[in-house]
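Colleague: My structure is below; once you've seen it, I'll send some questions.
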Amino acid sequence: MKIYQLYHRQVLRLPIQEAWPFFSSPYNLNDITPDFFHVTVTSKVPGKIYSGLMISYEMKAVFGISMAWLSEISHCDEPKRFVYEQRIGPFKFWSHEVALTEHNNSIVLEDIVFYAMPLGWLGQALNKLLIADRLEQIFKVRHDYLEARWGLAAP
C-alpha cells in the first residue's frame, strides 16, 4: 500500500480565538473549497468538536458523483490542533491534521494529510491521473480564500 502525504502551511492575520471556531466547523467546508467539491453535513454537529465525535457527510468531489463520508475527530486539543480520520469513504486511509500556532497576533495554519488509495495499482493510477491534482486544487482554493478573507501575515 502506497501512502501519500500533503503538507500546506499558511500564516494568516487572524487571532487564534477566531481561527479555531472557523477551522473546526465542518459547515465552513464549502466556503473554502472549489465548486467541484460540494459537501453536505448529514449529522448533527455540536458547537464544539471533541475527540471521538463522528461526523457524516455527502460529498461530490469527482465527476459530481455523490459519496458518503464518515469521519471521526480522533484528536482534539483546542485551540491548537485537531485530527479527523475517515472511517467510511472513498480512500483506503485518510488522516488530516489541522494545526494552529499563535505567532505575533497571527496564526500559522498547517495541514498535514496522509492518505492511501483503494484498488492497488488502479488506485495509484487514479491518484496520479486525477486525485492528487484535485486535492492540490482544494488546498489552492482554500489558500486563496483564506488570504482574501484575512490576509497573509509575515512568516
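The values are calculated or read from the model by the stated rules, or taken from the named source; none is laboratory data. Nothing here was measured: the structure is a model prediction, and the numbers come from that model. So basically every Cβ, Gly included, is an ideal-geometry build from the backbone, and we count neighbours across all protein chains shown.
Colleague: Restricting to the range 29-41, name every residue that is in contact with a Phe, Trp or Tyr (Cβ under 6 Å, 6 or more places away or on another chain) and surrounded by fewer than 18 Cβ atoms within 10 Å (Cβ to Cβ). Break it down stepwise before answering.
Modeller: So the first thing to find is which residues in the range 29-41 are in contact with a Phe, Trp or Tyr (Cβ under 6 Å, 6 or more places away or on another chain), and the list is 32, 39, 41.
Of everything in the range 29-41, those that are in contact with a Phe, Trp or Tyr (Cβ under 6 Å, 6 or more places away or on another chain) and surrounded by fewer than 18 Cβ atoms within 10 Å (Cβ to Cβ) turn out to be VAL39, VAL41.
Colleague: Of the residues ILE32, ILE49, which single one is touching a Cys at 6+ places or on another chain (Cβ under 7 Å) and part of a loop (DSSP other than H, G, I, E, B)? Steps first, answer last, please.
Modeller: Values: ILE32 fails: touching a Cys at 6+ places or on another chain (Cβ under 7 Å).
Just one listed residue meets the conditions, ILE49.
Colleague: Restricting the range 59-79 to residues that are of a type outside the set (A, V, I, L, M, F, W, C) and part of a strand (DSSP E or B), which is nearest to HIS103 (Cα to Cα)?
Modeller: First pass over the range 59-79, keeping only residues of a type outside the set (A, V, I, L, M, F, W, C): 60, 64, 66, 71-72, 74-75, 77-79.
When the remaining residues are screened for being part of a strand (DSSP E or B), the result is 60, 66, 71-72, 74-75, 77.
Details: LYS60: 36, SER66: 39, SER71: 30, GLU72: 29, SER74: 26, HIS75: 22, ASP77: 17 Å.
It comes out as ASP77.
Colleague: I've got another one for you. Mind telling me which of the residues ASN104, ASN127 ends up being loosely packed, with under 14 Cβ neighbours inside 10 Å and either within 17 Å of LEU6 (Cβ to Cβ) or not acidic (Asp, Glu) (or both)?
Modeller: Values: ASN127 fails: loosely packed, with under 14 Cβ neighbours inside 10 Å.
When all the criteria are applied, what remains is ASN104.
Colleague: Which fully enclosed strands (runs of 3 or more DSSP E) of the range 80-155 have 2 or more residues being farther than 23 Å from ASN30 by Cα?
Modeller: On the way: elements: 81-88, 93-103, 106-116.
The qualifying strands (runs of 3 or more DSSP E) are 93-103, 106-116.
Colleague: Moving to a separate point now. Any residue in the range 2-24 that's surrounded by fewer than 13 Cβ atoms within 10 Å (Cβ to Cβ): show its pairings with residues that are at pLDDT below 95 at Cβ separation under 7 Å, as long as the two are six or more apart or on different chains.
Modeller: Listed pairs, sorted by first residue: none to list.
Colleague: Keeping to the range 107-122, report how many residues are closer than 19 Å to ARG81 by Cβ and in contact with a helix residue (DSSP H, G or I) (Cβ under 9 Å, 6 or more places away or on another chain).
Modeller: Going through the range 107-122 one residue at a time, the tally reaches 5.
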